[in-house]
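Since every read-out is calculated from the coordinates, none of them should be taken as a lab result. The structure presented is a predicted model; accordingly, all values stated were derived computationally and were not measured. Virtual Cβ from ideal backbone geometry, glycine too; neighbours counted across all protein chains shown.
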């Protein structure tokens, strides 16, 4: 179990990272809509995984947006150290969450099975 402090920090990191990337971080390849789904930091605040979902039908633009977000890791760390008044800000590893794509594939397969049954 992670504990209350870690859970609170994860929630605060999620909110602050999302706000920072949306309003403060500027990059020419940041063209697609995205959201920060979750943040999981370790107990010692050495590292944290940031799960991001990008809403795009164009795979090239989606990948460029993800790379732009990854390039903003140091900017985000600097911003969080000031806004959250933390001595130690973890290194963030951005992870692209594609569960929505997997879910739509599963849904499509289920619909095909139902069509074949009829």
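Worth pointing out:
- Percent antiparallel among DSSP beta bridges (both partners in segment 4-117, rounded to 5): 55
- Value of [θ]222 nm, deg cm²/dmol, for the chain, DSSP H segments ≥ 4, -39500 (n - 2.57) each, nearest 500: -17500 deg cm²/dmol
- Residues 98, 4, 38, sorted so that the one with the fewest Cβ neighbours within 10 Å comes first: 4, 98, 38
- Residue exposure sequence - 79, 27 - by fewest surrounding Cβ within 10 Å: 27, 79
- Length available on full extension from residue 78 to residue 7: 0.36 nm per residue minus the Cα-Cα distance, which gives 23.4 nm.
- Between segment 1-53 and segment 59-109, the alpha-carbon centres lie 7 Å apart.
- Global dimensions of the chain from alpha-carbon coordinates: Rg and Dmax equal 17.3, 63 Å.
- Nearest 10 degrees, 0 to 90: helix 4-23 Cα axis against the chain principal axis: 80
- Acute angle (nearest 10 degrees) that the helix 59-71 long axis makes with the longest principal axis of the chain, alpha-carbon atoms: 10
- Relative to the longest principal axis of the Cα atoms of the chain, the long axis of helix 73-83 lies at roughly 50 degrees.
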